[in-house]
1. Across region 75-106, what is the total count of residues that are at pLDDT 90 or above, of a type outside the set (A, V, I, L, M, F, W, C) and over 14 Å from the mean Cα position of the chain (by Cα)?
2. Would you call Asp5 loosely packed, with under 14 Cβ neighbours inside 10 Å and at pLDDT 85 or above?
3. Which of (1) out of contact with any Leu (no Cβ under 8 Å at 6 or more places or on another chain); (2) modelled with pLDDT under 85 is the odd one out, the single condition Asp72 does not satisfy?
4. For residues that are modelled with pLDDT under 70 and charged (D, E, K, R), scanning just region 13-63, find the one that is farthest from His90 (Cα to Cα).
5. Looking at the structure I just gave you, is Tyr62 within 13 Å of the chain's Cα centre (by Cα) and under 23 Å from Pro36 (Cα atoms)?
6. Of everything in region 99-123, what is loosely packed, with under 14 Cβ neighbours inside 10 Å and either under 30 Å from Gly41 (Cβ atoms) or basic (Lys, Arg) (or both)? Give them in sequence order.
7. Out of region 68-112, which residues are among the aromatic types (Phe, Trp, Tyr) and assigned to a helix (DSSP H, G or I)?
8. Can you tell me how many residues in region 80-118 are in contact with a strand residue (DSSP E or B) (Cβ under 7 Å, 6 or more places away or on another chain) and in contact (Cβ under 8 Å) with a residue 40 or more places away in the chain?
Amino acid sequence: MKNYDLTTVDGIKQVYEETFLPLQVKEEWQAWLAMPDNGFGWETRAEPPSSDEFVEAQARYYHHTIECFGADCCMFESNFPVDRLSLFYHVLWNGLKKISAQYSEVDQTALFSGTASRVYKLA
């Protein structure tokens, strides 16, 4: 399988144009954004970020990816327990709810459960 640079807009567009694979939109998907080595500095703070800070810092990556692929090819998930170095579990999921608020109920269902159920044949 070809390697794609998923840290760039062009890389994401290339995946979209060349594959039909459902993508997992993870909170670390864009170069593992919540991980300490990506420059947000959350792991060095006395208090972790709030869900609003998470959204402000990362929503654009989620929106771009969802716009490129469509909600029916994306799913939210987490990288816990590893990401607890940077933020709390509930902060991540509250942030993802805020990010998804602009999408239809159908798209929100796809992002939070529908795509995963279909791809992993859970239903």
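The values are calculated or read from the model by the stated rules, or taken from the named source; none is laboratory data. It should be emphasised that the depicted structure is a prediction, and the values quoted were computed from it without experimental measurement. A quick note on method: Cβ atoms are made from the backbone with ideal geometry, for glycine too, and the neighbour counts reach across all protein chains shown.
1. Of the residues in that region, 5 qualify.
2. Criteria not met by Asp5.
3. With (1) out of contact with any Leu (no Cβ under 8 Å at 6 or more places or on another chain); (2) modelled with pLDDT under 85 applied to Asp72, the lone miss is (2).
4. Asp37
5. Against the criterion (within 13 Å of the chain's Cα centre (by Cα) and under 23 Å from Pro36 (Cα atoms)), Tyr62 qualifies.
6. Ala101, Gln102, Lys121
7. Phe69, Tyr89, Trp93, Phe112
8. So the count comes out to 4.
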